[in-house]
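**Student:** Mind looking over this structure? Questions follow.
Every number here is computed from the coordinates shown, using simple stated rules; none is lab data. Not measured: the values here are computed from a predicted model. For neighbour counting, all protein chains shown are included, and Cβ atoms are generated from backbone atoms with ideal geometry for every residue, glycine included.
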Amino acid sequence: MSGTSAEHAVLVQVGDDDRRRHIAKPDGSLRCPEQQCPEGQVGYAPHCEYPLCLDGTAGIPPNCQKLCPPGTVLEGDTCKCPPGTTGTSPNCEPHADPKSILKKVVITPKFRKITAGKKVKLRIKIRAEVGLAPRQFRIKLRSSNHQVKVPKSVVIRLTAPTGRTATGSKVIRVKAKRKARRKAKITASNDTLKAHSTIKVKPTCVKKKSRKAGNKLCGKTSHL
């Protein structure tokens, strides 16, 4: 064998050995330790690659996340329509009216007694259909008796919504002056929504001197 042929035979043998070092055994095991890829990569050195997530997902295994269609958001493992839209992914549409809509105003209790010069508490409750905004509503208050005082208005914030509905409430103080008499109708309103509560005022007991000296009577009492 000439020198050139011998050199070629050596190169072919070396090349075959080098290729075999890049290929696993038929059973899938490594031919030599040098074929081991670094942790987190797959394949056989030096042809190591990072694993890929399945179609429809993104990231690096095992941290693959589901890809959602444009205009949707991922909640857990489900693609949903974002706040302010309606429908089912991927068919999301903006709300016809993105604003929160007040649906009901209530005053409790409906009837209450109060002594002139004293205060009582009433609770204003609201219920609204939730949208993007607002998260609070101003409720106007009015008393039919100018001797029975209420705040001009109160602002009630909505609590965490349950589905499409949210509620809120606030306590107000009603004060009857010492000269207050009869009844007062308390009205809570917001645009066309109204609620009413009736306050019956009990006058204070005022002692008056009777015609007979030394006798003191209370209120409208005119007998001994």
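**Student:** Quick one: which residues, 5 or more positions from CYS37 or on another chain, have an amide H under 5 Å from its amide H? H modelled 1.01 Å from N in the peptide plane, none for Pro or chain starts.
**Tutor:** ALA45
**Student:** While we're on this one: Give the calculated FRET efficiency between VAL171 and LYS99 to the nearest 0.05, with a Förster radius of 45 Å applied to their Cβ-Cβ distance. Mind showing how you got there, number by number?
**Tutor:** Numbers: r = 27 Å, r/R0 = 0.59.
In this case the efficiency is close to 0.95.
**Student:** Please quote Rg/Rh for region 101-202 to two decimal places, taking the Kirkwood radius as Rh and restricting both calculations to Cα atoms.
**Tutor:** Expressed as Rg/Rh, it is 1.04.
**Student:** Scan around LYS104 for amide H atoms under 5 Å from its own, H built in the peptide plane at 1.01 Å from N, and keep only partners 5 or more places away or cross-chain.
**Tutor:** When sequence neighbours closer than 5 places are left aside, the close amide H contacts are ARG127.
**Student:** Also: Name the residue from THR115, ALA133, VAL148 whose Cα lies farthest towards the positive end of the charge dipole of region 101-202, charges +1 on Cβ of Lys and Arg and -1 on Cβ of Asp and Glu.
**Tutor:** My answer, from the dipole projection, is THR115.
**Student:** Same structure, new question: Please report the relative contact order for region 101-202, taking Cα pairs under 8 Å with a sequence separation of at least 6, and give it as a percent rounded to a whole number.
**Tutor:** Working: 263 pairs, mean separation 39.0, N = 102.
Once divided by the residue count of region 101-202, the mean separation gives 38 percent.
**Student:** OK, next. Taking the mean number of other Cβ atoms within 10 Å as a proxy for protection, how do you rank 139-151, 160-172 from highest to lowest?
**Tutor:** For the peptides 139-151, 160-172, the packing ranking is 139-151, 160-172.
**Student:** Of LYS125/LYS202; LYS125/LYS183; LYS121/LYS175, which ones are farther than 19 Å apart at the Cα?
**Tutor:** LYS125/LYS202; LYS125/LYS183
**Student:** Given 0.36 nm per residue, what is the gain on full extension from CYS32 to VAL155 after removing their alpha carbon distance, in nm?
**Tutor:** Going from the current span to full extension adds 36.7 nm.
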